[in-house]
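Read the structure below first, then the notes.
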Amino acid sequence: MKPAVLALLALLPVPAFAGFECKADRQCGGGTCEPYPGGPFVIEQTGDTWAVKSGEQVWQAFDAGHIDDSGELVLVMPPQGGMSGMISIFPEGQFLFTAHAAGPMAISGEGACVATGG
């Protein structure tokens, strides 16, 4: 390719991907709530899907859309790594998550997010 064409291609905009870093303040399960002991959830758009990372664990999530035009971003994590779940991020930065492990076990949590990209 000619250098002039390569220079023009380099000037084309690339799509900006969204991202969030979310800190859960507490988690609830089995009828009790306690402070969340883990680190942040790093949530990054990876094209058509989202990567949800917490510690060494990474889950693939899918954008389920926005509910009632409220601006709530809903991400669904289908069964993988022994669990499934859902994450909601609200425009004001609130963060809710629900995780379902194998069997009738569910953990929910809440906290806040900050945007990290796009």
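The values are calculated or read from the model by the stated rules, or taken from the named source; none is laboratory data. These numbers were taken from a predicted model, which means no experiment stands behind them. Using ideal geometry, Cβ is built from the backbone for each residue, glycine included, and neighbour counts are taken over all protein chains shown. Ligands, DNA and RNA are stripped out before the accessible areas are found, and what is left, the full protein with its side chains, is counted by its heavy atoms. Shrake-Rupley method; radii C 1.70, N 1.55, O 1.52, S 1.80 Å.
Among the residues of the range 94-118, write down those that are in a strand (DSSP E or B) and over 13 Å from Phe20 (Cβ atoms).
Those that are in a strand (DSSP E or B) and over 13 Å from Phe20 (Cβ atoms): Thr98, Ala99, His100, Ala101, Met105, Ala106, Ile107, Ser108, Gly109, Glu110.
From the residues in the range 66-93 that are in a strand (DSSP E or B) and among the β-branched types (Val, Ile, Thr), which one is surrounded by the most Cβ atoms within 10 Å (Cβ to Cβ)?
Within the range 66-93, the match that is surrounded by the most Cβ atoms within 10 Å (Cβ to Cβ) is Ile87.
Among residues belonging to the range 21-37 that are open to solvent by 40 Å² or more (accessible area, probe 1.4 Å) and closer than 18 Å to Met77 by Cβ, point out the one that is modelled with the highest pLDDT.
Glu21
So which residues in the range 48-63 are open to solvent by less than 70 Å² (accessible area, probe 1.4 Å), under 19 Å from Ala115 (Cβ atoms) and touching a residue at least 12 places away in the same chain (Cβ under 8 Å), if there are any at all?
Thr49, Trp50, Val52, Ser54, Ala61, listed by residue number.
Output the residues belonging to the range 94-118 that are open to solvent by less than 50 Å² (accessible area, probe 1.4 Å) and not small (Gly, Ala, Ser).
Phe95, Phe97, Thr98, Cys113
Name, by its number, the condition in (1) aliphatic (A, V, I, L, M); (2) out of contact with any Phe, Trp or Tyr (no Cβ under 6 Å at 6 or more places or on another chain); (3) closer than 18 Å to Gly38 by Cβ that does not hold for Ile89.
Single failed check for Ile89: (2).
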